[in-house]
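Below: one structure, written as structure tokens.
Please treat every number below as a calculation from the coordinates, not as lab data. The structure presented is a predicted model; accordingly, all values stated were derived computationally and were not measured. Neighbour counts are summed over all protein chains in view; Cβ atoms, including those assigned to glycine, are modelled from backbone coordinates with ideal geometry.
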């Protein structure tokens, strides 16, 4: 076969497959990771839409090693939209996204990083529950609420900088964040739920930008369960150091904490 004709035919096949979200090399027919593209039509991406898109692509989730998702034109990702998609490796979120619903990415164990878009306001209950390989999250300024158990058992996370605008971190939100070493909390933070950082036992650095300690919501469990004797807690200049000590020691559950562990920001 003429080389130019063969290349042209390969290119046509590649373009057709791209339309279905499956990339194929125009030179050697090498199959790349499938990309699932969803358009929310300016509203909600639902679990039905995800299932239909997977079916349309003839994507065999049992045989496919991993796949990616690109979400366009959506203000919300609905409850359980990607629940159980254990092969989902990455997600591109649209500008204008405001809410990620309950259990939207429940047990999406292959996810590694989450660059959330500006404008996101709420991450709901168990949204990324058991995303155990998630190493990096970038929260946008303006995010207001991280729901209960939103990042439960995300054991690969090592550091988190919470954004300006965040008001509450829910019950068990980062429970079993066993590799977390550093946390940065914004001035807008008002409350941290019970068990929010339970089993995150190696945290060595916490920085708070709020003058007043956040409320540690009363419950059967405390927010932290760690020996803070070797940790550094940084608070703003002008804050009441004794008040912070009392709150962190008695309400948050930082055992081993002394006043020497608490320092003022430079």
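Does the range 137-266 come out rounded, prolate or oblate by the C-alpha gyration tensor, with a ≥ b ≥ c the root eigenvalues, rounded set by a/c under 1.5 and, if not, prolate when a/b is larger than b/c and oblate if not? Here the range 137-266 falls in the rounded category. Springs between alpha-carbon atoms under 10 Å, Gaussian network over the chain: tell me which of 141, 227, 51 tops the mean-square fluctuations. Its mean-square fluctuation being the largest, the pick is 51. Roughly how tilted is helix 3-19, in degrees to the nearest 10 and between 0 and 90, from the longest Cα axis of the chain? That helix lies at roughly 50 degrees to the long axis. Across the chain, Cα pairs under 8 Å and at least six residues apart give a relative contact order of 9 percent. Sequence-distant contacts, meaning Cα pairs under 8 Å at least 6 residues apart, place the relative contact order of the range 139-266 at 19 percent. Listing 32, 68 from fewest to most neighbouring C-beta atoms within 10 Å gives 32, 68.
Between the range 146-198 and the range 34-56, the alpha-carbon centres lie 29 Å apart. Binning the C-alpha pair distances of the chain at 5 Å intervals from 0 yields a P(r) profile of 1, 6, 11, 16, 16, 12, 10, 8, 6, 5, 3, 2, 1, 1, 1, 0, 0 %, listed from the shortest bin outward. Expressed to the nearest 5 percent, the antiparallel share of DSSP beta bridges inside the range 139-266 is 0 percent. The angle separating the long axis of helix 47-56 from the principal Cα axis of greatest extent in the chain is about 30 degrees.
Could you work out [θ]222 nm for the chain from helices alone, using -39500 (n - 2.57) per DSSP H run of at least four and dividing by all its residues? Round to the nearest 500 deg cm²/dmol. Rounded to the nearest 500, the figure is -4000 deg cm²/dmol. When the chain is treated as a Gaussian network with alpha carbon springs shorter than 10 Å, the biggest mean-square fluctuation among 42, 101, 170 belongs to 42. Arranged from fewest to most other beta-carbon atoms within 10 Å of their beta carbon, 87, 56 become 56, 87.
When the chain is treated as a Gaussian network with alpha carbon springs shorter than 10 Å, the biggest mean-square fluctuation among 249, 63, 126 belongs to 63.
As a proxy for reagent exposure, ranking 77, 222 by other Cβ atoms within 10 Å from fewest up yields 222, 77. Extension gain for residue 65-residue 202 works out to 46.0 nm (0.36 nm per residue, less the C-alpha to C-alpha distance).
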